[in-house]
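Peer 1: Handing you this structure, nothing more for now.
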Amino acid sequence: MRCKSISGRTDSSEERNAIIKVIEAESAAWLKGDVEEWKTLWIQKPHAQHVNARPFLGARILCGFDEIERYFAPMFKTIAEERRPNREIRRENWRITIGSDMAWATFDQIMPVDSRTAVASGLHNQMRVLEKENGTWKISAVFQ
């Protein structure tokens with residue numbers, strides 16, 4: 001059974017849209033292989049985390065933005081070369097909870113069946129924790 005899409009603690013569609021925009025931009029930067037754009041969308045602090053758990057990978061936990069960047073930055077060139085620019089990746093069934101300076105969002109990400117080996121095709125439920133930094137939402141944690 002899939003979770004139903006619900007609204008969070010605030011009715012601010014402006015905040016909700018800003019959060020979705022950051023998540024979509026981070027994915028777009030990843031698909032383009034644009035490491036500099038990708039970095040601008042993250043909180044670049046020691047408490048940032050990236051958690052990935054997959055049957056074929058096991059669990060990988062990266063703590064601190066420096067560790068996250070060291071792990072992912074070398075992949076960006078390969079990612080850009082491997083993927084066609086118009087990947088048909090969809091995100092739907094958004095569930096977003098928004099506080100004054102922190103929010104979390106979960107969503108279903110659907111990867112096309114013809115995805116390259118760097119990405120598992122199919123349905124993935126993902127979570128992002130975001131923080132406001134100087135009035136702008138930024139990703140501080142990814143769980144996928």
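The values are calculated or read from the model by the stated rules, or taken from the named source; none is laboratory data. This is a predicted model, so every value here is computed, not measured. When the accessible area is computed, the model is the full protein with side chains, heavy atoms only, and any ligands, DNA or RNA have been set aside. Shrake-Rupley method; radii C 1.70, N 1.55, O 1.52, S 1.80 Å.
Peer 1: Which value, in Å² rounded to 10, gives the accessible area of residue 12 with a 1.4 Å probe and all protein chains present?
Peer 2: Counting only protein heavy atoms, the figure is 40 Å².
Peer 1: Next question, about the same structure. Suppose the chain between residue 123 and residue 97 were pulled fully straight at 0.36 nm per residue; how much longer would it get relative to their current alpha carbon spacing?
Peer 2: 7.2 nm
Peer 1: Out of every Cα pair in segment 14-101, what percent are spaced more than 23 Å from each other?
Peer 2: 31
Peer 1: Which ³J(HN,Hα) values in Hz, rounded to whole numbers, follow from the phi angles of segment 98-111 under the Karplus curve 6.51 cos²θ - 1.76 cosθ + 1.60, where θ = phi - 60° and Gly and Pro get x?
Peer 2: The phi angles translate into 10, x, 5, 9, 8, 8, 9, 9, 10, 7, 9, 10, 10, 9 Hz.
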